[in-house]
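The values are calculated or read from the model by the stated rules, or taken from the named source; none is laboratory data. On a predicted model such as this, the values are computed, not experimentally measured, just so you know. For neighbour counting, all protein chains shown are included, and Cβ atoms are generated from backbone atoms with ideal geometry for every residue, glycine included.
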Amino acid sequence: MKKLIHNILIISACLLISACESNMTDETFIKSKPLKIELTSNEVQMVADNNNFATDFFAALYENKKEENMVVSPFSLSVVLTMVWNGAENETKQEIQKTLGLGNYPAEEVNAYFKKMNDALLKTDPNTKLAIANSIWTHKGFPVKQLFYDVNKTWYNAEVREVDFSSSDAVTAINKWCADNTNNFIKKIIDKISPDEIMYLLNALYFNGIWSNKFDANKTQKQAFYKEDGTSAMVDMMFQNHTLGYYADEYLSLATLDYGNGAFSMIFILPNQDASFDAMVNQLTYSGYFENSIQTALQCRFDVDLFVPKFKIEYKETFNDILQLMGMELAFSNSADFSGISDISLKISNVLQKAYIDVNEKGTEAATVTVVSIGVTAPEPQPQKITFRADRPFMFAIREHSTGAILFMGKVGNPAN
């Protein structure tokens, strides 16, 4: 009953609050409204389904790894796997498409959707630095169908390079491309190239956003952060009081903090005191739940005392097992059908992502590289006062408002680590 009354009070306060807009406190901001990305009805559904993939993927990864600190980019993973999907056929293609939540849409419509998202995300906020790059690296002399190259060049602006994989220069060149396209945050993605591997597809994503309303560094204080094992660590806890998007239910509370002109925001997602982090993550996998929670928060604003720790996370993980658990089994098997790439039998040998995020008083800098390696198959009134104190394990997500696309998602279980 208390939770019901709590939610009724939030909704009542929301209805009585006049529309509020975040005030740009930094005069260096370019005064502009976020670009509204116009989507067709099918594209709206693709965003929703792909966001369901994002939460399902994160939940599966968390359940499998149970690590203190994690950061991944579902968007980067979706882009590079869709590039691979352009070379898949028959059941292999269907499995990848279903796993990514792309329905039964034809290839041209799916590719047009990602091109539109890529182009629009780069333009929606001149105050936020966002860079997206794609590339395909192939062993020199290996027969690749020109149509596969052309599709990914046209729709994903993919750079194509044919190099000698037997030379150490190939590893150097691929890693340099990663560094160049992530502002030097991801300097190495591969250590060596296996003799069986003939192709790498890469997506690089770089994000640098300044808070619309910055934290005052003078208000950052050492405070306790309570970890899952019952111990605590002293962390640099940032504080600000501002009018923010806020939502709460029996599982979680979330607060939204905008970057730049408000096109992008970070969503802080905190399990309730009587709900576990695991239960919260499980709830997020229900179709539409996460997006509906965010939309409710964005409909009105609350006077929030926001406490959030500064944190940096570097994370590197292979996703082969997770993607197979989610339904992409054929693509990794000797039965894979990538005849759209080459007449020689191929399969995915590895899906690897490396990500970095730094959240501080000024804003957020984040970068990721996702690489898919392809190998030849082997034989066989006054707003209610809210306090949001992220002093225990919490989730975060970086989201574009107009479409709802999730660029990054992660967990902070120990900011002091």
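Restricting region 356-375 to residues that are more than 18 Å from L100 (Cβ to Cβ) and touching a helix residue (DSSP H, G or I) at 6+ places or on another chain (Cβ under 8 Å) leaves a set whose member that is surrounded by the most Cβ atoms within 10 Å (Cβ to Cβ) is V369.
Look at (1) surrounded by 22 or more Cβ atoms within 10 Å (Cβ to Cβ); (2) under 23 Å from M199 (Cα atoms); (3) not charged (D, E, K, R) and you find that S167 fails only one, number (1).
Inside region 401-412, can you point out the residues that are touching a strand residue (DSSP E or B) at 6+ places or on another chain (Cβ under 8 Å) and surrounded by fewer than 23 Cβ atoms within 10 Å (Cβ to Cβ)?
Filtering region 401-412 down to residues touching a strand residue (DSSP E or B) at 6+ places or on another chain (Cβ under 8 Å) leaves 401, 405-412.
Once the filter is applied, which keeps residues that are touching a strand residue (DSSP E or B) at 6+ places or on another chain (Cβ under 8 Å) and surrounded by fewer than 23 Cβ atoms within 10 Å (Cβ to Cβ), region 401-412 yields H401, A405, L407.
What do you reckon, is N282 at pLDDT below 95 and not assigned by TED's automatic domain parsing to the domain that holds F394?
Working: at pLDDT below 95: yes; not assigned by TED's automatic domain parsing to the domain that holds F394: no.
Criteria not met by N282.
Here D125 qualifies as under 27 Å from the mean Cα position of the chain (by Cα), surrounded by 16 or more Cβ atoms within 10 Å (Cβ to Cβ) and among the acidic types (D, E).
Could we say that N334 is of a type outside the set (D, E, K, R), more than 28 Å from I186 (Cα to Cα) and either in contact with a helix residue (DSSP H, G or I) (Cβ under 7 Å, 6 or more places away or on another chain) or in a loop (DSSP other than H, G, I, E, B) (or both) here?
Working: of a type outside the set (D, E, K, R): yes; more than 28 Å from I186 (Cα to Cα): yes; either in contact with a helix residue (DSSP H, G or I) (Cβ under 7 Å, 6 or more places away or on another chain) or in a loop (DSSP other than H, G, I, E, B) (or both): yes.
Answer is yes for this residue.
Is it the case, given these coordinates, that A179 is part of a helix (DSSP H, G or I), small (G, A, S) and buried (at least 19 other Cβ atoms within 10 Å of the Cβ)?
Working: part of a helix (DSSP H, G or I): yes; small (G, A, S): yes; buried (at least 19 other Cβ atoms within 10 Å of the Cβ): no.
Here the answer is no, as A179 does not meet what is asked.
Please give the strands (runs of 3 or more DSSP E) falling wholly within region 196-287 in which 2 or more residues are closer than 30 Å to M117 by Cα and β-branched (V, I, T).
Values: elements: 197-210, 221-226, 232-248, 252-259, 264-271.
In region 196-287, the matching strands (runs of 3 or more DSSP E) lie at 197-210, 264-271.
Note on region 291-307: residues that are within 20 Å of K411 (Cα to Cα) and more than 20 Å from the chain's Cα centre (by Cα) amount to 2. The residue that is nearest to L201 (Cα to Cα), among those in region 341-355 that are crowded, with 19+ Cβ neighbours inside 10 Å and under 19 Å from the mean Cα position of the chain (by Cα), is V351. Scanning region 82-105 for residues being within 18 Å of the chain's Cα centre (by Cα) and farther than 14 Å from Q324 by Cα gives a total of 4. Note on region 362-384: residues that are among the polar types (S, T, N, Q), outside any strand (DSSP E or B) and either closer than 30 Å to L330 by Cβ or at pLDDT 95 or above (or both) amount to 1.
Within region 285-299, the set of residues being at pLDDT 90 or above and aliphatic (A, V, I, L, M) comprises I294, A297.
Yes or no, residue by residue, for (1) at pLDDT 95 or above; (2) β-branched (V, I, T); (3) over 27 Å from F58 (Cα atoms); (4) assigned to a helix (DSSP H, G or I):
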position: Q94; (1), (2), (3), (4): yes, no, no, yes
position: K116; (1), (2), (3), (4): no, no, no, yes
position: D119; (1), (2), (3), (4): no, no, no, yes
position: T124; (1), (2), (3), (4): no, yes, no, no
position: T138; (1), (2), (3), (4): yes, yes, yes, no
position: D150; (1), (2), (3), (4): yes, no, yes, yes
position: V160; (1), (2), (3), (4): yes, yes, yes, no
position: N175; (1), (2), (3), (4): yes, no, no, yes
position: S194; (1), (2), (3), (4): no, no, yes, no
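Of the residues making up region 114-154, those that are touching a Leu at 6+ places or on another chain (Cβ under 8 Å), over 23 Å from M199 (Cα atoms) and of a type outside the set (A, V, I, L, M) are K116, K123, T124, D125. F142 meets the stated requirement of being among the aromatic types (F, W, Y) and either over 27 Å from A263 (Cα atoms) or surrounded by fewer than 18 Cβ atoms within 10 Å (Cβ to Cβ) (or both).
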